[in-house]
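For reference, the structure discussed in these notes is given below.
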Amino acid sequence: MAAASASVSAGKTRLVDRCIDAAARGPATVEAWRRQRRSLERLPGPLADELLRRLAARRLLFPSLLEVFRYSVEEIDFSGNIAVDAEWLAYLGAFRYLRVLKMADCKNVNSAAVWALSGMSTLKELDLSRCSRISDAGIKHIISIDCLQKLHLSDTGLTDNGVMLLSALKNLQLLDLGGIHMTDKALRSLQALTQLEHLDIWGSEITNEGASILKAFTRLRFLNVSWTHVTRLPPLPNMRYLNMSNCTIHSICGGDSEVHIPLEKFAASAASFGNIEEVFSSIEASSFSFLDMSGCSLSNLYILQKFKSLEHLDLSLSRITDEEIQNVANIGMNLRYLSLKNTGITSQALCILAGSIPNLYSLSLAYTKIDDSALAYISMMPSLRVIDLSHTSIKGFRRVEANMEEILSMPPLEHLIYLESLYLEDTALSDEVIPPLASFRALKYLYLKSDFLSDPALHALSSASNLIHLGFRGNVLSNSGILQFVPPVQLRVLDLSGCWILTGDAISTFCRRHPVIEVRHELMQELQANRGGTSQVHKSRQLLKAKAKPVDILTDPSRLSGISFADERIKYSRGELMNIQDRTESNPLLHGVQLPPELRRME
């Protein structure tokens with residue numbers, strides 16, 4: 001019975017989705033139902049919200065069309081829409097049931113435009129982040145919306161005077177003033193906001209003196225004071241998330257060693273510490289699950305050992321080495337995400353971690369000194385779903401010292417039955433090490449980039465049955481290589497950016513054969529612009545052929561004098577170029593083609 005009910009519900013959802021999609025098909029469709037204004041007024045809020053969203057995404061929305069949604073829409077997100085201006089807001093101000101209005105990055109929204117929102121009785125959330133033309137004058141209109149609970153004003157033109165006006169919004173629970181150069185005086189005026197739970201004041205001019213009044217916000221759970229002069233915070237007993245990135249941190253509880261804050265998340269990226277032991281001794285270990293110390297200059301991480309509840313740990317760009325990795329291993333069972341990107345660790349660190357963090361979900365080792373010997377240890381972390389090995393010394397094989405025999409190093413990763421994403425960009429992988437990747441059962445996202453990968457590597461992935469996204473950027477892929485490629489059944493995205501040998505005709509042919517696959521390449525913009533006909537390059541070639549007598553440009557080099565191009569041969573040594581020429585000589589498609597003298601093999 002439950003299964004049948006779920007099936008019926010899913011069917012209804014698909015039907016509704018198709019109806020909304022049909023209603024937003026094009027200008028003619030919109031004009032047809034626009035006249036049925038009375039029926040739209042009875043449209044349920046969630047359906048009206050979705051219809052409006054699709055119209056905006058397809059650029060079918062215009063100010064006067066907003067009027068038909070006046071009595072139905074409850075949530076609107078126009079973030080990044082540069083068309084939104086005072087005319088749009090004039091209609092929005094009359095919306096009867098609007099609860100959420102997001103206009104972040106709407107560059108044409110100014111202080112005068114928000115006058116239309118004055119006195120709205122249902123609006124609970126307003127986002128004007130990065131609307132640089134919002135100034136103190138606009139705040140005078142906003143404070144008339146006394147039911148506001150969430151207000152985002154980061155990176156606007158506010159000054160202290162405008163911030164002090166916000167104290168009139170007694171119901172505010174979230175206030176984002178990031179990037180505004182407010183001072184201690186302005187922060188002190190906000191003490192009247194007793195309901196505040198979330199306060200974002202990154203990049204402000206707040207000092208320790210101003211921070212001392214934060215204890216007045218007894219319900220505060222989220223605080224962001226990154227990029228400020230704050231070094232000490234008063235005890236905040238309900239704090240759950242704290243961001244002090246790019247600060248010098250001396251204390252987070254007023255120096256009281258008896259106080260323990262039930263922090264869950266602590267971001268201290270690129271921060272420096274006066275007394276790191278004092279700072280972390282103030283955190284209640286049982287609730288602490290997220291720590292970002294990326295970019296910190298610390299090398300001794302003994303303070304981590306007591307935090308057995310940590311699930312997310314970012315140590316990228318830190319000074320950690322193999323000697324300190326045991327402190328990470330001691331965290332144990334609960335660790336889910338670990339980033340050691342751009343650190344000084346080697347494969348020996350993975351030997352220490354193997355078996356100690358069995359529930360690890362994501363592991364980033366990009367820009368480290370690890371090599372193929374680390375892969376065997378990584379395969380001993382059975383829960384891994386995401387692995388980033390980009391910019392490492394991974395080659396795909398290792399040598400047995402006894403007889404110097406080369407053994408493929410990728411097969412052990414096949415034991416990771418949950419592995420979904422694998423990043424191997426900017427490594428030294430070659431064609432012959434790629435086939436084992438096709439047998440990774442759960443692999444959905446694969447990113448490969450190497451100077452030694454070519455057509456055979458791409459073809460080897462045809463049998464990767466669950467692959468959805470394949471990144472094959474910057475590799476030596478030929479036209480025949482892409483045309484002979486049989487994509488996996490589930491593939492939806494093929495990123496060929498930087499594959500410089502490919503031509504527009506080959507890419508266009510592949511796209512026609514496999515219309516469900518989104519191909520990404522530098523030539524795609526031109527191909528899409530000329531989707532209705534022949535590309536401009538092809539048209540110009542046809543025109544020249546019709547008007548001019550055929551000339552053998554190989555025998556008349558002067559014909560090339562007006563053509564400029566980037567010589568990609570500089571990427572290869574002479575030996576590699578000779579090897580590529582051998583491949584072209586054996587290619588039947590190039591039989592009988594005479595190469596220019598400068599490209600002929602030098603004996």
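The values are calculated or read from the model by the stated rules, or taken from the named source; none is laboratory data. Small disclaimer: the values here were computed from a predicted structure and weren't measured. For neighbour counting, all protein chains shown are included, and Cβ atoms are generated from backbone atoms with ideal geometry for every residue, glycine included. Just the protein is used for accessible areas: all its heavy atoms, side chains included, with ligands, DNA and RNA removed. Shrake-Rupley method; radii C 1.70, N 1.55, O 1.52, S 1.80 Å.
Suppose the filter is farther than 18 Å from residue 123 by Cα and free of Cβ contacts under 8 Å to residues at least 40 places away in the same chain; does residue 61 pass it?
Numbers: farther than 18 Å from residue 123 by Cα: yes; free of Cβ contacts under 8 Å to residues at least 40 places away in the same chain: yes.
Yes: the conditions hold for residue 61.
Is at least one residue of the range 439-452 part of a strand (DSSP E or B), of a type in the set (Gly, Ala, Ser) and more than 14 Å from residue 488 (Cβ to Cβ)? No: zero hits. For the range 456-484, the set of residues classified as under 29 Å from the mean Cα position of the chain (by Cα) and of a type outside the set (A, V, I, L, M) consists of 459, 462, 463, 465, 466, 469, 471, 472, 473, 474, 475, listed by residue number. Can you tell me which residue within the range 343-371, out of those that are in contact with a strand residue (DSSP E or B) (Cβ under 9 Å, 6 or more places away or on another chain) and open to solvent by 10 Å² or more (accessible area, probe 1.4 Å), is farthest from residue 424 (Cα to Cα)? So the residue we want is 361. Residues in the range 108-124 that are β-branched (Val, Ile, Thr) and part of a helix (DSSP H, G or I): 1 in all.
Can you say whether residue 183 is open to solvent by 20 Å² or more (accessible area, probe 1.4 Å), without any contact (Cβ under 8 Å) to a residue 60 or more places away in the chain, under 26 Å from residue 218 (Cα atoms) and hydroxyl-bearing (Ser, Thr, Tyr), as far as the supplied structure shows? Full working, then the answer.
On the way: open to solvent by 20 Å² or more (accessible area, probe 1.4 Å): yes; without any contact (Cβ under 8 Å) to a residue 60 or more places away in the chain: yes; under 26 Å from residue 218 (Cα atoms): yes; hydroxyl-bearing (Ser, Thr, Tyr): yes.
For residue 183, the condition - open to solvent by 20 Å² or more (accessible area, probe 1.4 Å), without any contact (Cβ under 8 Å) to a residue 60 or more places away in the chain, under 26 Å from residue 218 (Cα atoms) and hydroxyl-bearing (Ser, Thr, Tyr) - is met.
Give me a count of the residues in the range 140-149 that are buried (at least 20 other Cβ atoms within 10 Å of the Cβ) and over 9 Å from residue 114 (Cβ atoms).
Of all residues in the range 140-149, those buried (at least 20 other Cβ atoms within 10 Å of the Cβ) come to 142, 145, 148.
After this cut, where a residue has to be over 9 Å from residue 114 (Cβ atoms) as well, the list is 145, 148.
Residues flagged as buried (at least 20 other Cβ atoms within 10 Å of the Cβ) and over 9 Å from residue 114 (Cβ atoms) within the range 140-149 amount to 2.
For residue 43, state whether it is open to solvent by less than 60 Å² (accessible area, probe 1.4 Å) and within 20 Å of residue 120 (Cβ to Cβ). Criteria not met by residue 43.
Of all the numbered requirements in (1) crowded, with 19+ Cβ neighbours inside 10 Å; (2) part of a loop (DSSP other than H, G, I, E, B); (3) among the aromatic types (Phe, Trp, Tyr), residue 500 misses one, and that requirement is (1). With respect to (1) within 17 Å of residue 419 (Cβ to Cβ); (2) touching a strand residue (DSSP E or B) at 6+ places or on another chain (Cβ under 9 Å), the lone exception for residue 442 is condition (2). For first residues located in the range 222-236 and free of Cβ contacts under 8 Å to residues at least 60 places away in the same chain and open to solvent by 20 Å² or more (accessible area, probe 1.4 Å), partners that are of a type in the set (Val, Ile, Thr) and part of a strand (DSSP E or B) and lie 6+ apart or on another chain with Cβ distances below 8 Å form the pairs 231/248; 231/249; 235/261. Screening residue 406 on (1) free of Cβ contacts under 8 Å to residues at least 12 places away in the same chain; (2) surrounded by 22 or more Cβ atoms within 10 Å (Cβ to Cβ) shows it passes everything except condition (2).
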